[in-house]
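Worksheet for the structure shown next.
The values are calculated or read from the model by the stated rules, or taken from the named source; none is laboratory data. What you see is a predicted model, and the numbers here were worked out from it, not measured in a lab. Neighbour counts run over all protein chains shown; Cβ positions are idealised from the backbone, glycine included. Please note that ligands, DNA and RNA were not included when accessible areas were found on the heavy atoms of the full protein model with its side chains. Shrake-Rupley method; radii C 1.70, N 1.55, O 1.52, S 1.80 Å.
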Amino acid sequence: MRIADVCPRAFQLVQNGMRARIEGILSRLAERHEVRLFTQPRFGQLAAARALPPPGPYTNPAAALICELGQAAWPGGPVLAGAALRVTRPRSLTALLDWADVALVEFPWQFDRCARVAPPGLPLVLAGHNDEVEKFRSYARGLGVRVMDRPWLRYIERMERRAFERAALVLAVSEPDRQSLLARYGGDPSRVLVASNGADVELLTPAGPERRAAARRAFGLPDRPVALYIAAPTRTNMLGLEWVRKLAALTDRFTFLVVGRAGDPTQSEGNLVYTGEVEELPLCFDAADLSLVPIEFGGGTQLKLVESMAAGLPVVAFEEMLHGLGLRDGEHLLVSQPSADSLLAAMDRLLADRALAERLGAAARRFAEEHLDWGPIATRVEEALLELVAPDERLPTAAPLSAAPRG
């Protein structure tokens, strides 16, 4: 099976949680199928993108500039994110869809252009990362952006409705998102499949004392408990970082390790340590005693939460982040109110009660192994795609896809 994936703005395969989700699925599908990507770098990444071997990303400067403007116009950016394809009409996209047996189109704003140029009969899959209407409504509430109440939300709902109705299959990130989409747009429930965020449960494993000590030496961390926060430079993650900064100013009992491009290593100060982007993400989990997920609004599920659970870390999170996972406060993690005092109280509770911390970490790891393994998630997607490509043929019997990606 030849699988095309159409993704916006991305230049590198993994840039944030959404890209990690699609890579987690596609890398396993690539074990048995041919997978090709259509990606668009941002404007500042054009030179590096053009240095990659063919076919490489789509490096039209006008498309990159439009995407950059869309990013700057956040939270109204989706209007321009979809416009890049409509304006530039890339021939490489048409060629990719001509090649494919099935195409995954990420986000509704790209769907219209793909539907216009796709050959007759090509199944188009809306590979959603969120219920976009609910996500942007949550953004609007969180940021107090009143203009979102009317023009942007109407546009978003119109685009999502059109993509939902035209898609041969819709991938929802959680069961609540699936139910919300069906309630709003109707249609055949069998057309909407849950393909949740997952984790590499073989790569991310709980660290013992020796691994933890070695990881802390690698980062040059002092001998005190470490609270981990992982963040790409998105608006929601940057607001979460503000909570981490508040905590670092309130207590010196913890080192706050901020991993990802949301922080500049040169800005590290006192007990607040920024690593910048790291290549060995498991080392970050190894160094930590607990993980913080202080995200107040948005949609989908947070990859930082899922991966922390796979690594066996006790997690402190805001209730919004439990969306669609079936997690319970006190059983799988600790839920904090959106306040610095509540966050700090939960952290101190874990520090004082090591039995509780160990119990939560072990329960989180079991939950990840049972429900969040990329292998079974990708296998469900593979079965659904094969049904689209060859609905009248007997599907081949094959072993489940692996839990770990192939290089």
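Solvent-accessible area assigned to carbon and sulfur over region 261-360 amounts to 44 percent, based on a 1.4 Å probe.
With coordinates expressed along the principal axes, the C-alpha atoms belonging to region 216-257 extend over 32, 24, 10 Å, beginning with the largest. Does region 224-338 classify as rounded, prolate or oblate by the C-alpha gyration tensor (a ≥ b ≥ c root eigenvalues; a/c under 1.5 gives rounded; else a/b over b/c gives prolate, otherwise oblate)? It is rounded, given that a/c, with a ≥ b ≥ c, falls under 1.5. The stretch between Asp348 and Asp188 holds 52.8 nm of extra length on full extension. This uses 0.36 nm per residue minus the Cα-Cα distance. Spin-label pair Leu65-Arg161: with each label point 7 Å from Cα along the Cα-Cβ axis, the two points sit 3.4 nm from one another. Between amide H atoms placed 1.01 Å from N, distances below 5 Å from Ala172 occur with Leu193, Val194, Ala195, all of them 5 or more places distant or on a separate chain. Averaging 1/r across all pairs of distinct Cα atoms in region 191-288 and inverting the result yields a Kirkwood radius of 14.5 Å. Shown here for region 145-251: chymotrypsin sites (Phe, Trp or Tyr not before Pro) in loop regions (DSSP other than H, G, I, E, B) with at most 13 other Cβ atoms within 10 Å, of which there are none. D for region 299-369, whole µm²/s, Stokes-Einstein with Kirkwood Rh over alpha-carbon pairs at 37 °C and 0.692 mPa s: what number? After rounding, the answer is 273 µm²/s. Once the 1.4 Å probe is applied to the protein heavy atoms, region 152-295 comes out at 44 Å² accessible per residue. Each label point was placed 7 Å from the Cα along the Cα-to-Cβ direction; for Ala355 and Thr205 their separation is 2.8 nm.
Rounded to the nearest 20, the size of the Cβ-charge dipole of region 245-388 about its Cα centre is 380 debye, with Lys and Arg at +1 and Asp and Glu at -1. Within region 344-380, find all residues whose amide N lies under 18 Å from a label point positioned 7 Å from the Cα of Glu31 along Cα-to-beta-carbon. From region 344-380, the list is 369-380. Considering only Leu305, Ala213, Gln267, the residue lying farthest towards the positive end of the dipole of region 199-335 is Gln267, judged by Cα position with unit charges set on Cβ. Residues whose amide H falls under 5 Å from that of Val226, counting only those 5 or more places apart or on a different chain, are Thr255, Asp289, Leu290, with hydrogens built in the peptide plane.
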